[in-house]
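> Dropping the structure in here first, questions after.
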Amino acid sequence: MTLTINGESRSLPEDPRISLLDYLRQGAGLTGTKKGCDHGQCGACTVLVNGVRINSCLTLAVMHDGDDITTIEGMGTPDDLSPMQAAFVKHDGYQCGYCTPGQICSAVAMLDEVAAGWPSDVTDDLNGKVELTGDEIRERMSGNLCRCGAYSNIVEAIQEAALETKTAGADA
Amino acid sequence: MSKTLEMNEPDTRNRLDDMAGRNVGAPMDRPDGPAKVAGAAPYAAEYVIDNVAEGVLVTAPFARGTITSIDERSITGMDGVIAVISDERLTARPAQGTANETPVQTPLSIAYFGQPFALVVAETFEQARNAAKALKFDYSADDPSEIPFDPEAVEAEENDATRQGDLDKAMADAAHSVDITYYTEGHASAAMEPHAAIAEWDGERLTVHASLQMPNYNITELADSLNLEEDNIRILSRYVGGGFGSKLGVSQETVAASIAAMKLGRPVRVVMSRQQVFQTVMRRSETKQRLRLAADKDGRLTGFGHEALVSNLPEEDFAEPVTQASAFLYPGKDRELLIEVARIHRMTAGSVRAPGEAVGMQTLEAAMDELAEKLELDPVELRLRNIPDEHPASGLPYSSRKMEEALKQGAEAFGWHSGPRKPRQKREGEWWIGTGMATAARIHNVGEAEARVTLNGDGTVLVETDMTDIGTGTYSILTQIAADMLGVEPAKVLVDLGDTNHPRGPGSGGSWGAASSGSSVFIACEAVRKAIAEKLGVEEADLELSGGTAKGGGQEKLLSELAGNEGIAKTGTFKPGDAQDDYAMASYGAFFSEVAVNRWTGEARVRRMLGAFGFGRVLNAKTARSQCIGGMTWCIGAALTESLLFDPVDGHVVNCDLAEYHVPVHRDVPHLDVLMIEERDPAASPIQAKGVGELGICGGAGAIANAIYNACGARLYEFPMTPDRIIAAMPED
Amino acid sequence: MKPFAYLRPDSLTHASQLTEEPSAIPIAGGTNLLDLMKLQVETPESLIDVNKLSLSEIGDEGEGLRIGALATNTATAAHPRVRSDYPVLARAILAGATQQLRNKATTAGNLCQRTRCYYFTNIDQPCNKREPGSGCGALDGIARLHAILGASSQCIATYPGDMAVAMAALGAEVEIMNAGGETTRVPLEDFHRLPGDTPEKDNILESGDIITGVILPAPVKGVQLYRKVRERSSYAFALCSVAAIVNMEEGRIGDIALAFGGLAHKPWRDKRVEEALKGTEPSLKGFDEAAEILLEDAQGYGENDFKIPLTRRTLKAVLCEATGMDT
């Protein structure tokens, strides 16, 4: 029974009650993933499981045998930030910083979802192509609360990172 | 070696403008940013400490009465349980901001539903959480029907009053007047990081990692709670996941963790659940407010009345200072300001972002909108006609005030159509579209602050204070001030915050941190400069520091060389002085918003919002702007979504989580525009800066309310303006 | 959370056997169940992780569509046939929760989602649903989220979901396998119950029952809309919601199906309302009369009185949009 976190294989905890979130923070010592509400109501604990974003507080660690988890620590380090992380710094897409890892994990996954054509509540044409408008970003990021009120800057950061990702993709 | 400056007169030197570095004011990225975005910045609960046990608070399931016995044996056999901490030093309530003494400490005497009275400690969090729920106890609860929960159902006590002239007569004589009663509902700070602490006791000294805004006061509160000497306590709050008032005072988890650590001889971590944060820390009181505005035919205010009913628990000194800005913002020689407190048994009421103005300004500005309508006057013009020459009660002169500039520049930037206004002029499909505006105002506070600045032998600079950065940008602005004052690159400055072993700052709260702590660093830097000047044999004023070198008297030397191996360390102390009493000081601004209201469902959505603000010197254009947009986001919550609901039977907070207490989400908030007005306020602080952390929330909900009216014709007198309230007030088609 | 045994059956039969224990609860996405377990609203002795069962497929079933019990809400909303043939379902799912939650939440789990009543989720408060006989805190308390239709003196809670409301309008059926291995299909409208004297039972599932999927009938013509009114613009439960499928025939309303969320202990469908509208020319007066029928027995409990006018207005908005009426 193992799972992979940021490329590193780890064994699952014995107590089945331990949430993936608590396992990350205490079992694996990866405290970048935050606990804001423990009930799936704030998004601070957002991580990627096999590339898909979820609230790590509302799932048990033991349910992730064989899964591949990416946390904020797997996105970049203070000395080597990912484009999304760097854009958050540039646009001041945070204040206290507590919701930030969740916002960033969420944003990274969100761009993939848009690229895959998943519709959202604000997508006009369910059968058409999804454009990454400001309204689309705001709806899709609504699962990540920020009490400092950095939303306006977060959207700018995501827009810039999306543009960079696109450009980088075109280059490659 | 130290330097103290007492602010006895305005400081017009504007020294920061003369510094070569020009870092102050620049939109510098936060030095703490990379750690935050990488998840590498440790918050209180995240320190790795060997052998730490986990504590969970146990709370009372009734509103008032006594816990008569706690049956420890009911859980002692459970897996991992270490102890039940039931101790008379446990605190029942949080300390109020700057209380500087222990909060109410009778844990077994219950005064509100959800009050913590014990701590269960176990090896793991899951074990502790389960055992805390399983703990058995006996209690004697008062009959809920005899306990007051409704602020309007009890006789209130007068808390603060200003009466001048004859307001009734002014109202009767007025060419135009409004007399309106508003209700605002309770708010929760809802900082994203729940309250948390890890306490370690070595038999003599207590070290506590906690999420606190004001370590300088918190250490005294904790010492007083525990009957310990402050010298034996160290509090660390390097990163704080938001506070908004809820972490001003020491609260239950920190005291409980400390007592447990001392009793058990091992480190103990206590993190409140989100539900506990909602139920046991702080609420902003609901308010009932009566606004009376009397105006002459030209719209100049002749009479001004603002009365508020707020609530709190018995024995709490704090009363939401609703009329704070009403005291100075607008004229009217006949005045009546009143705050009354109802003693009820809802949880503790205390400071939530911008106590006073946050709820007092939004109602005042909604009332001003109605007055403008009666006068058939443009709402901006009404405000412009009511900028008083002197403080309407004390007669004090105003310090620098950019109200007029904010109103005019804000209106222009927003594209405000001036002139008299009529509702229901624009519809797009199902949506009525309207605009509204409001004035922003927030008093300026400063507090005593100390910081130590060390110029090291390697040319780097260390800034130390126990001041905190709760997202406000303290790491950034102190870096910028020290960099400019000492002529080094910001990258060479290390700011070390949130440690009570350092010189004591004022803490973060009341928007006073930047001006106070920034001034202490400025003063310390002046002392360092003086020492450098002495080494060069020149006057400090003739010293030029830049690029890591010092020039003066025809000499040029490297700062590293001048610092020597031992470095130059100076402590700067800033003290509020006469200037604070000689001027009426505040930050000012204006809000403009465009709102869409659904004609069927009454859903209101902010489509556009702009704030223009003057708050003295801008220390960092990026973090200051962020403070403004943060405040404006809170305006959207206060106007449309946020409301604490209290059970009428037992007073408990019903919507005690983030699913049902609706802080705004991304989709509620459009792109926000901010205009920062160039200003230096020499009376405010030696760095000419005022507060900005709260200004953005003071009045903006009124701009949204006014836009709702302009859009769909619904005048509402209750905040928040949820769909049910809007459809009830909306005229039929 | 109370300690529990974590079991992971690899066959449907095994799963069914394990859930026959009264204190066993199956877990799929877990987004609602774990939330409630942390609060000790749910205290299973064993948790049956059904995620290894192959129940996540979405595929054609005749002209209709079969949505596996373990298909995530995301997969359902993004499925090409759901988007083109059953847009009301895609819209309803996308109006609920957040992307993170929809990525975990499943069809069966969402059907079994429990109420958001504040008194149900707070174990220090009375609640007949959580603890039969303890009373109803909401009746004398804050009933903002609560039912105006079909409530009882025991319980005024609402079913909080969106997906099932659209499924009710679509005439979907829930496929259930019982402990004996037999599979039956139940109209979605009959899956959830009204509280009556047994509010502890949200739906018709018996112990050992496992939901295996939901079957949508062949697509029908017409405009499909889902309208949800909430306090925030996103990430909030419905104050009220309307799922509508309306087919216009020569300027008159033809086949029509309407279902309502946020009003009752179950997705609410009242065929009388549909009958009243069928064959009529769209008019505000006609919509008002339809709303009158819908709300004839509606009862508010103070805080939620507003749901009566709000539902009327929302229904009118939806019917205006669906019939293309210019107002």
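The values are calculated or read from the model by the stated rules, or taken from the named source; none is laboratory data. Remember, it's a predicted structure, so these values are computed and weren't measured experimentally. When we count neighbours, we look across all protein chains shown, and the Cβ atoms used for this are built from the backbone with ideal geometry, even at glycine. The area values use the complete protein model at the heavy-atom level, side chains included, leaving out ligands, DNA and RNA. Shrake-Rupley method; radii C 1.70, N 1.55, O 1.52, S 1.80 Å.
> Relative contact order for chain B: what percent, with Cα pairs under 8 Å and sequence separation of 6 or more? The partial results should precede the final answer.
On the way: 2116 pairs, mean separation 135.3, N = 733.
Once normalised by length, the contact order is 18 percent.
> Enter the Cα centre distance for the pair region B:372-444 and region B:240-317, rounded to the nearest angstrom.
Rounded to whole Å, the Cα centres lie 29 Å apart.
> Still on this structure, I have one more. Kindly rank B:385-394, B:295-304 from highest to lowest mean number of other beta carbons found within 10 Å of each residue. Mind showing how you got there, number by number?
Numbers: B:385-394: 16.1, B:295-304: 20.4.
Result, highest mean first: B:295-304, B:385-394.
> Output the 0 to 90 degree angle, nearest 10, between the alpha-carbon long axis of helix C:307-323 and the longest principal axis computed from the alpha carbons of chain C.
The two axes meet at around 60 degrees.
> Now a separate question. Under a point-charge model restricted to the Cβ atoms of Lys and Arg (+1) and Asp and Glu (-1), what is the dipole moment magnitude of region A:2-74 relative to its Cα centre, in debye to the nearest 20? Working shown, then result.
Numbers: 6 positive and 9 negative charges, 55 e Å.
About 260 debye.
> Given a 1.4 Å probe and every protein chain left where it sits, what share in percent of the accessible area of region A:2-74 is carbon and sulfur? Let's see the in-between values first.
Details: 800 of 1980 Å².
Result for region A:2-74: 40 percent of the exposed heavy-atom area is carbon or sulfur.
> Where in region B:180-217 does accessible area fall by at least 40 Å² between the isolated chain and the complete protein assembly, at a 1.4 Å probe radius?
SASA drop of 40 Å² or more in region B:180-217: B:M192.
> Taking 8 Å as the Cα distance limit and 6 or more residues as the minimum spacing, I'd like the relative contact order of region A:2-74 as a percentage. Write out the running numbers ahead of the final one.
Numbers: 136 pairs, mean separation 30.1, N = 73.
In percent, rounded to a whole number, it is 41.
> Still on this structure: I want to verify the translational diffusion coefficient of region A:83-171 in µm²/s; compute it with Stokes-Einstein, Rh as the Kirkwood radius over Cα pairs, at 10 °C and 1.306 mPa s.
On the way: Rh = 13.2 Å.
For these conditions, the coefficient is 120 µm²/s.
> So, counting K/R as plus one and D/E as minus one, what does the shell of residues with Cβ under 12 Å around B:I677 add up to? Intermediate values should be presented prior to the final figure.
On the way: positive: B:R401, B:K402, B:K408, B:R617, B:R680, B:K690; negative: B:E404, B:E405, B:E678, B:E679, B:D681.
After counting each charged neighbour, the total is +1.
> Computed on protein heavy atoms with a 1.4 Å probe, what is the summed buried accessible area for the chain pair B and C, in Å² to the nearest 100?
On the way: alone 26490 and 14520 Å², together 37530 Å².
So the buried area, both faces added, is about 3500 Å².
> Across the residues of C:234-244, average count of Cβ atoms on other protein chains within 10 Å? Mind dumping the intermediate values first?
Working: counts 14, 17, 7, 2, 0, 6, 2, 0, 0, 0, 0.
Partner-chain Cβ atoms within 10 Å, mean over residues of C:234-244: 4.
> In addition: By per-residue mean of other Cβ atoms within 10 Å, what is the highest-first order of B:623-630, C:168-175?
Going by the mean number of other Cβ atoms within 10 Å, highest first, we get B:623-630, C:168-175.
> For region C:223-323, what is the charge dipole size about the Cα centre, in debye to the nearest 20, if Lys and Arg each add +1 at the Cβ and Asp and Glu each add -1 at the Cβ?
Numbers: 15 positive and 16 negative charges, 85 e Å.
Dipole size: approximately 400 debye.
> May I ask you to work out the translational diffusion coefficient for region C:223-323 at 25 °C, viscosity 0.890 mPa s, via Stokes-Einstein with Rh from the Kirkwood sum over Cα pairs, reported in whole µm²/s? Could you put the intermediate results ahead of the total?
Details: Rh = 13.7 Å.
Result for D is 179 µm²/s.
> As an exercise, take the mean of 1/r over every pair of distinct alpha carbons in region B:573-668, invert it, and state the Kirkwood radius in angstroms. Can you show the working numbers first?
Numbers: mean 1/r = 0.0589 Å⁻¹.
One decimal place: 17.0 Å for the Kirkwood radius.
> Hey, another quick one. Using the Cα atoms of the protein assembly as shown to build a convex hull, what is its mean projected area in square nanometres?
Working: hull surface 185.2 nm².
The orientation-averaged projected area of the Cα hull of the protein assembly as shown comes to 46.3 nm².
> If amide hydrogens are placed 1.01 Å from N in the peptide plane, which non-local residues have theirs closer than 5 Å to the one on B:A118?
The answer is B:V58.
> Next question, about the same structure. Give me the percent of the accessible area of region A:83-171 that comes from carbon and sulfur atoms, probe 1.4 Å, all protein chains in place. Present the calculation step by step, with values, prior to reporting the outcome.
Details: 1510 of 2810 Å².
C and S fraction of accessible area: 54 percent.
> Rounding to the nearest 20 debye, state how big the charge dipole of the protein assembly as shown is about its Cα centre with +1 on each Lys and Arg Cβ and -1 on each Asp and Glu Cβ. Mind showing how you got there, number by number?
On the way: 115 positive and 176 negative charges, 296 e Å.
With only Lys, Arg, Asp and Glu charged at Cβ, the dipole is about 1420 debye.
> Okay, next question. Rounded to the nearest 100 Å², what is the buried accessible area between C and A, both sides summed, probe 1.4 Å? Working shown, then result.
Numbers: alone 14520 and 9230 Å², together 20590 Å².
Chains C and A together bury roughly 3200 Å² of accessible area.
> Using per-residue counts of other Cβ atoms within 10 Å, averaged over each peptide, order C:48-55, B:187-194, B:209-216 from highest down. Please report the intermediate quantities before stating the final value.
Numbers: C:48-55: 19.1, B:187-194: 27.4, B:209-216: 30.0.
The peptides rank, most packed first, as B:209-216, B:187-194, C:48-55.
> Mind listing, in residue-number order, the residues in region A:42-84 that have at least 40 Å² less accessible area with every protein chain present than in their own chain alone (1.4 Å probe)?
Checking the loss per residue gives A:R53, A:I54, A:N55, A:L58, A:L60, A:M63, A:P78.
> May I pose another question? If the viscosity is 1.002 mPa s and the temperature 20 °C, what Stokes-Einstein diffusion coefficient in µm²/s follows for chain B when Rh is the Kirkwood radius over Cα pairs?
Numbers: Rh = 26.7 Å.
Answer, rounded: 80 µm²/s.
> So what's the back-of-envelope 222 nm ellipticity for chain C, counting only DSSP H runs of four-plus at -39500 (n - 2.57) apiece and dividing by all residues, rounded to 500?
Numbers: 13 runs with 95 residues, N = 327.
Helix contribution divided over all residues of chain C: -7500 deg cm²/dmol.
> On a 0 to 90° scale, report how tilted helix C:284-294 is relative to the longest principal axis of chain C, with both axes built from alpha carbons and the result rounded to the nearest 10.
The angle comes out at about 30 degrees.
> Tell me the net charge near B:V104. Cut-off is 9 Å between Cβ atoms, B:V104 excluded, with +1 for each Lys or Arg and -1 for each Asp or Glu.
Details: positive: B:R93; negative: B:E315, B:E316.
With Lys, Arg at +1 and Asp, Glu at -1, the neighbours total -1.
> Binning every alpha carbon pair distance of region C:164-223 at 10 Å from zero, what are the percents per bin?
22, 44, 28, 6, 0
> Leaving ligands, DNA and RNA out of it, report the carbon-plus-sulfur percent of the accessible area of region C:136-198 at a 1.4 Å probe. Walk me through the numbers before you get to the answer.
Numbers: 830 of 1910 Å².
Roughly 43 percent, rounded to a whole number.
> Report, as an integer, the average count of C-beta atoms from other chains found within 10 Å of each Cβ along C:71-78.
On the way: counts 0, 2, 0, 3, 1, 0, 5, 6.
Per residue, the average neighbour count from other chains is 2.
> How big is Rg to Rh over region C:6-129, alpha-carbon atoms, Rh as the Kirkwood inverse-mean-distance radius?
Reported Rg/Rh, Kirkwood definition of Rh: 1.01.
> Need one value for A:114-126: mean number of C-beta atoms belonging to other chains within 10 Å of its residues' C-beta atoms. It would help to have the intermediate numbers written out before the result.
Working: counts 0, 0, 1, 3, 9, 9, 6, 14, 4, 4, 0, 1, 11.
Whole-number average of other-chain Cβ neighbours for A:114-126 is 5.
> Averaged per residue, what accessible surface does the protein assembly as shown expose to a 1.4 Å probe, in Å²? Intermediate results must be reported in sequence, preceding the final value.
Numbers: 39500 Å² over 1232 residues.
Result: 32 Å² per residue.
> Next question, about the same structure. Chains B and A: what accessible area do they bury, summed, in square angstrom to the nearest 100, with a 1.4 Å probe?
Working: alone 26490 and 9230 Å², together 31250 Å².
Its buried surface, counting both partners, is about 4500 Å².
> Let me ask another. Roughly how many whole Å is it from the C-alpha centroid of region C:104-161 to that of region A:73-152?
34 Å
> Would you please calculate the Kirkwood hydrodynamic radius of region A:2-74 over all C-alpha pairs and express it in Å, rounded to one decimal? Please list the in-between numbers first.
Numbers: mean 1/r = 0.0854 Å⁻¹.
It is 11.7 Å.
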